[in-house]
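The block underneath contains the structure these notes are about, expressed in structure tokens.
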Amino acid sequence: MKLDSLIERATQYEEKTVAVAAAEDTEVIESVAQALKHNLANFMLFGDKEKIMDILLSKHPDLVKNEKIKIIHTNSQSAAAEHAVKAVKLNEANVLMKGNVPTATILKAVLNKEYGLRTGSVLSHVAVFEVEGYDRFTIVTDAAMNIAPDLDQKVQIINNSVEIATRIGIDTPLVAPIAAVEVVNPAMQATLDAAALTVMNKRGQIKNCIVDGPLALDNAVSSLAAEHKGIESTVAGRADILLVPTIEVGNVLYKSLIYFAKAKVGALIAGAKAPIVLTSRADTAESKLYSLALAICSVNK
């Protein structure tokens with residue numbers, strides 16, 4: 001499947017609004033311009049109004065009077081994060097997007113007990129990859145939020161990723177809890193958790209997906225590798241979601257797919273009351289566009 005299909009899907013929904021925290025950044029404005037070009041959403045730009053206008057006049061003068069953009073002045077990054085989060089909380093916007101503001105600052109606003117977007121669930125990073133040679137999306141979770149999730153957190157991380165997968169058209173996604181080996185080893189916690197998650201899924205404690213593990217990465221994504229090792233599983237070789245055991249594994253896998261496999265990606269934070277797009281300067285404009293499209297698709301059931 002192609003990530004471009006998410007852009008097409010996102011444009012089919014009722015018009016949505018994205019609240020951008022600290023939008024006074026050239027790359028952020030560029031991603032907004034690209035999204036507007038594809039008619040993805042309306043935008044509320046929170047931040048230093050003068051700086052935002054300077055960037056628009058310099059780089060995208062055609063957007064200065066665009067009715068799909070609303071600029072709201074704030075005096076600081078923390079204020080921009082607070083007001084953007086409140087806009088989502090009050091249903092003035094459907095998606096939260098990080099602009100030129102530290103991740104810690106925007107997450108502090110998201111987790112605020114009075115006006116934040118907490119639901120009681122674990123927040124987790126969900127990355128949807130388009131990998132050349134594969135006929136399906138590869139979803140990796142969690143590569144950015146949870147350092148060493150325990151069993152209960154892994155259940156919630158699966159639930160978050162299954163919800164996103166379902167929203168982009170993957171019915172009953174196949175989930176592979178990844179480990180170094182495909183057998184249960186009492187000395188390796190990842191294998192114990194994987195086995196427990198598999199049983200929980202079979203007993204209906206994890207719904208709307210099929211979980212089977214532990215599986216090593218090769219057995220999860222390659223039917224040939226699974227066959228060579230004699231693994232009989234609905235998930236083996238066909239996994240839609242790769243659940244990594246720790247943030248280090250997820251981070252390395254995420255970056256390996258991008259830099260070695262030249263994969264395309266769109267990603268967001270799930271588990272809050274609305275999707276959160278955490279862009280970074282290392283992300284390409286294309287990746288930011290895919291992330292916005294993924295977020296907009298994730299709003300809609």
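The values are calculated or read from the model by the stated rules, or taken from the named source; none is laboratory data. Keep in mind the model is a prediction, meaning the values are calculated, not measured. Glycine also receives a Cβ, built like all others from the backbone with ideal geometry; neighbour counts cover every protein chain displayed. Surface areas here come from the heavy atoms of the whole protein model, side chains and all, with no ligands, DNA or RNA. Shrake-Rupley method; radii C 1.70, N 1.55, O 1.52, S 1.80 Å.
A compact table of results
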item	result
Whole-number D in µm²/s for the chain (Stokes-Einstein; Kirkwood sum over Cα pairs; 10 °C, 1.306 mPa s)	81
Cα convex hull volume per residue for the range 145-249 (Å³)	95
J(HN,Hα) series, the range 259-268, from Karplus relation 6.51 cos²θ - 1.76 cosθ + 1.60, nearest Hz, glycine and proline x	8, 9, 8, 6, 6, 9, 8, x, 9, 7
Rough spin-label spacing in nm, given labels placed 7 Å along Cα→Cβ, for K273 and S223	4.5
Computed [θ] at 222 nm, deg cm²/dmol, the chain (DSSP H ≥ 4; -39,500 (n - 2.57); rounded to nearest 500)	-12000 deg cm²/dmol
Sites matching trypsin sites (Lys or Arg not before Pro) across the range 251-290 that sit in DSSP coil, with at most 13 neighbouring C-beta atoms within 10 Å	K262, R281
Using θ = phi - 60° and Karplus 6.51 cos²θ - 1.76 cosθ + 1.60, couplings along the range 29-46 (whole Hz; Gly, Pro as x)	4, 4, 5, 5, 4, 5, 5, 5, 4, 8, 6, 7, 6, 8, 9, 10, 9, 9
Reciprocal mean inverse distance between Cα atoms of the range 77-199 - Kirkwood radius, Å	16.7
Residue among T119, V155, Y134 farthest towards the positive dipole end of the range 118-170, charges placed on Cβ	T119
Per-residue SASA entry for M145, accessible area with 1.4 Å probe, Å² rounded to 10	50
Beta bridge orientation in the chain: antiparallel %, DSSP, nearest 5	30
Amide H contacts under 5 Å for A144, placed H, 5+ residues apart	H125
Dipole moment magnitude, nearest 20 debye, the chain about Cα centre, only Lys, Arg, Asp, Glu C-beta charged	580
Charge context of I170, other residues only, Cβ under 10 angstrom, K/R +1, D/E -1	0
Positive-end residue of N146, T246, G271, charge dipole of the chain with Cβ unit charges	G271
Helix 49-59 axis, angle to the chain major axis (alpha carbon atoms, nearest 10°)	80
V299 accessible area, assembled protein chains, probe 1.4 Å, Å²	40
Whole-Å distance, taken between Cα centres, linking the range 259-288 and the range 27-47	15
Of the GluC sites (Glu not before Pro) in the range 94-190, those whose Cβ has at most 12 other Cβ within 10 Å and which sit in DSSP loop	E114, E132
Cβ-derived FRET efficiency at R0 22 Å, E286 paired with E8, nearest 0.05	0.90
The chain: relative contact order as a whole-number percent, Cα under 8 Å and 6+ apart	22
Pairwise FRET efficiency - L192 versus N91, Cβ, R0 = 35 Å, nearest 0.05	0.25
Amide H contacts of N42 (H built 1.01 Å from N, under 5 Å, at least 5 apart or other chain)	K16, T17, V18
